[in-house]
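Notes follow once the structure below has been shown.
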Amino acid sequence: EAGLLPGALMRNASLKFLGRDVHVRVETSQSLFTSRYANGAVARMPVAHGDGNYFADEATLDRLEERGQVAFRYCTPDGVVGGIGNPNGARRDIAGIFNETKTVLGLMPHPERVCDPLLGGTDGRAMFEGLTEALS
């Protein structure tokens with residue numbers, strides 16, 4: 001809505017609220033947000049949304065792919081994309097995208113909910129460590 005990122009979030013394909021853990025694959029480690037992840041790494045993160053179905057037209061999706069702006073994709077625990085791990089119907093299994101300069105990240109899962117073992121996991125911690133490192 002603010003125009004910071006292309007596309008839109010629509011109702012989940014199931015038309016139901018989703019609150020569960022999913023897996024996402026890191027598509028690039030070349031950003032402030034993903035520098036502490038390896039390319040292709042799989043992270044477990046929770047989703048909690050009714051409107052997490054990422055939609056953009058084909059030309060926009062192609063542009064995002066060409067420019068390396070896809071940050072994360074929904075996947076299976078072993079990193080396979082192709083719909084099986086996609087909880088909400090997002091186009092091309094996209095779970096997160098960057099703006100053109102990779103200074104803004106739009107992400108559907110919640111990495112902040114898996115930053116400490118007391119919260120049930122640490123897969124989101126690398127995102128915040130990378131940001132902290134870049135800003136210090």
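The values are calculated or read from the model by the stated rules, or taken from the named source; none is laboratory data. Just so we're clear, the structure is a prediction, and the values are computed from it rather than from any experiment. Cβ coordinates were reconstructed from backbone atoms using ideal geometry, including for glycine residues, and neighbour counts include every protein chain displayed. Surface areas here come from the heavy atoms of the whole protein model, side chains and all, with no ligands, DNA or RNA. Shrake-Rupley method; radii C 1.70, N 1.55, O 1.52, S 1.80 Å.
Summary of computed values
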quantity: Hits in segment 1-14 (condition: touching a residue at least 24 places away in the same chain (Cβ under 8 Å) and either open to solvent by 60 Å² or more (accessible area, probe 1.4 Å) or farther than 18 Å from residue 59 by Cα (or both)); calculated: 4, 9, 10, 11, 12, 13, 14
quantity: Scan of segment 15-51 for residues that are part of a loop (DSSP other than H, G, I, E, B), touching a Leu at 6+ places or on another chain (Cβ under 7 Å) and in contact (Cβ under 8 Å) with a residue 60 or more places away in the chain, ordered by number; calculated: 32, 33
quantity: Meets criteria (open to solvent by 60 Å² or more (accessible area, probe 1.4 Å), under 24 Å from residue 121 (Cβ atoms) and either in contact with a Pro (Cβ under 7 Å, 6 or more places away or on another chain) or not in a strand (DSSP E or B) (or both)) for residue 62; calculated: no
quantity: Enumeration of residues in segment 21-31 that are open to solvent by 60 Å² or more (accessible area, probe 1.4 Å) and either touching a Pro at 6+ places or on another chain (Cβ under 7 Å) or at pLDDT below 95 (or both); calculated: 21
